[in-house]
1. Could you please let me know if residue 69 is within 18 Å of residue 2 (Cα to Cα), crowded, with 20+ Cβ neighbours inside 10 Å and under 13 Å from the mean Cα position of the chain (by Cα)?
2. Restricting to the range 38-55, give me the number of residues that are in contact (Cβ under 8 Å) with a residue 24 or more places away in the chain and either more than 15 Å from residue 124 (Cα to Cα) or in contact with a strand residue (DSSP E or B) (Cβ under 9 Å, 6 or more places away or on another chain) (or both).
3. How about the range 29-56: which of its residues are in contact with a helix residue (DSSP H, G or I) (Cβ under 7 Å, 6 or more places away or on another chain) and within 26 Å of residue 156 (Cα to Cα)?
4. Just to be sure before I move on: is residue 89 over 21 Å from residue 57 (Cα atoms), surrounded by 12 or more Cβ atoms within 10 Å (Cβ to Cβ) and either in contact with a strand residue (DSSP E or B) (Cβ under 8 Å, 6 or more places away or on another chain) or modelled with pLDDT of 95 or more (or both) in the structure I sent?
5. Any residue in the range 95-105 that is in contact with a strand residue (DSSP E or B) (Cβ under 6 Å, 6 or more places away or on another chain), in contact (Cβ under 8 Å) with a residue 24 or more places away in the chain and either buried (at least 18 other Cβ atoms within 10 Å of the Cβ) or assigned to a loop (DSSP other than H, G, I, E, B) (or both)?
6. Checking residue 121 against (1) in contact with a helix residue (DSSP H, G or I) (Cβ under 9 Å, 6 or more places away or on another chain); (2) assigned to a helix (DSSP H, G or I); (3) surrounded by 15 or more Cβ atoms within 10 Å (Cβ to Cβ), only one condition comes out false. Which one?
7. Can you name the residue in the range 126-151 that is surrounded by fewer than 17 Cβ atoms within 10 Å (Cβ to Cβ) and either touching a strand residue (DSSP E or B) at 6+ places or on another chain (Cβ under 9 Å) or touching a residue at least 60 places away in the same chain (Cβ under 8 Å) (or both) and, of all such residues, is nearest to residue 81 (Cα to Cα)?
8. So which residues in the range 109-118 are surrounded by 12 or more Cβ atoms within 10 Å (Cβ to Cβ) and part of a loop (DSSP other than H, G, I, E, B)?
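The values are calculated or read from the model by the stated rules, or taken from the named source; none is laboratory data. Because the structure is a prediction, the values reported are computed rather than measured. Here the Cβ positions follow ideal geometry from the backbone for every residue, glycine too, while neighbour counts run over all protein chains shown.
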């Protein structure tokens with residue numbers, strides 16, 4: 001099973017979601033059964049590391065955040081079982097990037113796995129430190145709930 005987390009520039013939310021999910025996968029010894037990656041819908045930050053403010057917030061939670069920004073590609077659509085978007089704009093943009101309409105069903109809002117009154121993971125890029133903390137809280141909750149759901153789909157004795 002393969003999951004791709006998607007935000008706008010792939011420097012804040014989606015790499016943090018990837019790192020958070022990887023940490024939970026490792027804690028549950030599921031790194032071989034489920035893999036993940038992250039990407040953006042724009043190429044503006046291509047090749048850049050995650051935002052330093054997100055790196056700092058993630059490090060404080062012992063979440064190893066790394067990688068470089070990249071834009072989603074056709075291979076992501078074909079290899080992923082799920083492409084999870086951080087907000088409605090990302091959902092719309094990712095839907096436009098799908099190489100074929102049959103792959104649209106793989107796109108889902110990340111907040112489907114977060115408390116019912118939250119519809120989007122807000123972009124913390126233009127805000128202060130509290131925005132990054134809020135994003136990590138939402139990502140922690142969503143990744144935990146996502147993995148609980150995905151585990152039900154794994155063959156017995158996977159972990």
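1. On the way: within 18 Å of residue 2 (Cα to Cα): no; crowded, with 20+ Cβ neighbours inside 10 Å: yes; under 13 Å from the mean Cα position of the chain (by Cα): yes.
No, not satisfied.
2. Start the filter on the range 38-55 by keeping residues that are in contact (Cβ under 8 Å) with a residue 24 or more places away in the chain, which leaves 38-46, 48-51, 53-54.
This time we only want the ones that are either more than 15 Å from residue 124 (Cα to Cα) or in contact with a strand residue (DSSP E or B) (Cβ under 9 Å, 6 or more places away or on another chain) (or both), so: 38-46, 48-49.
The total comes to 11.
3. Residues of the range 29-56 that are in contact with a helix residue (DSSP H, G or I) (Cβ under 7 Å, 6 or more places away or on another chain), as a first pass: 31, 34, 36-41, 50, 53-54.
Residues satisfying the conditions are 31, 34, 36, 37.
4. Values: over 21 Å from residue 57 (Cα atoms): yes; surrounded by 12 or more Cβ atoms within 10 Å (Cβ to Cβ): yes; either in contact with a strand residue (DSSP E or B) (Cβ under 8 Å, 6 or more places away or on another chain) or modelled with pLDDT of 95 or more (or both): yes.
Against the criterion (over 21 Å from residue 57 (Cα atoms), surrounded by 12 or more Cβ atoms within 10 Å (Cβ to Cβ) and either in contact with a strand residue (DSSP E or B) (Cβ under 8 Å, 6 or more places away or on another chain) or modelled with pLDDT of 95 or more (or both)), residue 89 qualifies.
5. No, every residue in the range 95-105 fails to be in contact with a strand residue (DSSP E or B) (Cβ under 6 Å, 6 or more places away or on another chain), in contact (Cβ under 8 Å) with a residue 24 or more places away in the chain and either buried (at least 18 other Cβ atoms within 10 Å of the Cβ) or assigned to a loop (DSSP other than H, G, I, E, B) (or both).
6. (2)
7. Kept after step one, since they are surrounded by fewer than 17 Cβ atoms within 10 Å (Cβ to Cβ), are these residues of the range 126-151: 126-130, 133-134, 137, 141, 144-145, 148-149, 151.
So of that shortlist, the ones also either touching a strand residue (DSSP E or B) at 6+ places or on another chain (Cβ under 9 Å) or touching a residue at least 60 places away in the same chain (Cβ under 8 Å) (or both) come out as 129, 133, 144, 151.
On the way: 129: 33, 133: 28, 144: 17, 151: 14 Å.
By that ranking, first place goes to 151.
8. First pass over the range 109-118, keeping only residues surrounded by 12 or more Cβ atoms within 10 Å (Cβ to Cβ): 109-114, 118.
Listed by number, the residues that qualify are 114, 118.
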